[in-house]
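Each remark here refers to the structure printed beneath this line.
Taken together, the values in this text are just the output of simple stated rules run on the coordinates, not laboratory data. Keep in mind that this is a model prediction, so the values were computed, not measured. Neighbour counts are summed over all protein chains in view; Cβ atoms, including those assigned to glycine, are modelled from backbone coordinates with ideal geometry.
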Amino acid sequence: MKTIDTETLLDSHKWRYATKQFDPTKKIDEATWQALEDVLVLSPSSFGLQPWKFIVVKSPEVREQLVKLAWGQKQIVEASHLVIFAVKYPLTPQDVRRYMERMAELHAKPVETLSGYENVVNGFIEKPPFELDIRAWLTRQCFIAMGNFMTSAALLGVDTCPMEGLDPAAFDKVLGLEGTGYYTVAACPTGYRHNEDKYSKLPKVRFEKKDVISHI
């Protein structure tokens with residue numbers, strides 16, 4: 001496996017920002033986009049359950065509808081690509097079994113050998129060992145995937161803008177998610193910043209390391 005140096009890593013994080021204005025004339029090439037889709041597939045999740053769906057919205061007409069449901073944020077139509085992050089809820093024993101079957105297939109073992117793990121996962125979802133909002137927990141998995149996606153995009157020199165400023169239920173209706181068991185969590189326009197986006201020139205506002213990291 002090839003690795004990058006620490007300078008490249010940190011430069012990518014310093015370069016990345018929530019892009020407010022995309023250049024609509026600049027499009028992500030197909031090879032780069034396919035790599036970013038693969039990053040979504042490879043994203044980690046608790047228990048490995050992958051309780052999500054990633055919807056790439058290509059239709060200009062649909063994107064125009066979504067702008068009106070996201071406080072008029074033009075990034076949705078100006079960006080090269082738009083990804084919607086949706087959560088699966090509720091997560092059922094059938095969903096867990098589907099994951100176990102996939103694991104058995106890839107690990108070349110009978111699914112029955114995973115029954116112990118399957119019981120643990122189902123037990124956690126049905127009755128968590130501590131106070132836990134299962135829907136909120138599942139939703140957080142989508143944010144893990146979005147963070148992974150954004151960091152990977154930055155390493156490739158691609159801009160992103162994570163968005164929660166939207167009407168999830170209205171998004172669900174436009175995207176055809178109603179009745180599917182999936183619900184909109186967030187959107188992430190992806191592309192290349194416009195030269196006139198003033199936010200790209202501003203210093204990144206972060207607290208000092210000593211204020212947010214402690215060692216015990």
- How much net charge surrounds C188 when only the other residues with a Cβ under 12 Å from the Cβ of C188 are counted, with Lys and Arg +1 and Asp and Glu -1? -2
- Stretched out fully, how many nm does the piece from T151 to K68 gain, at 0.36 nm a residue minus the Cα gap? 27.1 nm
- Task: Evaluate the relative contact order of segment 17-200 (contact order divided by residue number), counting alpha-carbon pairs under 8 angstrom at least 6 apart; express in whole percent.
- Result: 40
- Please give the calculated 222 nm ellipticity per residue for the chain, where each DSSP H segment of at least 4 residues contributes -39500 (n - 2.57) and the sum is spread over every residue; nearest 500 deg cm²/dmol? -13500 deg cm²/dmol
- Which longest uninterrupted range of the chain lacks any chymotrypsin sites (Phe, Trp or Tyr not before Pro) assigned by DSSP to a loop state (not H, G, I, E or B) and surrounded by at most 14 other Cβ atoms within 10 Å? 131-206
- Starting from the Cα-Cα distance between T113 and K2, subtract it from 0.36 nm times their residue separation and give me the gain in nm to one decimal. 36.5 nm
- May I ask for the angle, rounded to the nearest 10°, between helix 115-126 and the longest principal axis of the chain, with both axes built from Cα atoms and the value confined to 0 to 90°? 60
- Message: Give me the net charge for the shell around G179: Cβ to Cβ below 12 angstrom, other residues only, Lys and Arg +1, Asp and Glu -1.
- Response: -1
- Query: Label points 7 Å out from Cα along the Cβ direction at K58 and K173: separation in nm?
  - Reply: 2.7
- Message: So if each residue of separation counts as 0.36 nm, and I subtract the Cα-Cα distance between M103 and K209, what length gain in nm does that give?
- Response: 34.2 nm
- Hey, can you grab everything whose amide H is under 5 Å from the amide H of F22? Only 5+ residues off in sequence or another chain; H modelled, so Pro and N-termini drop out. H194
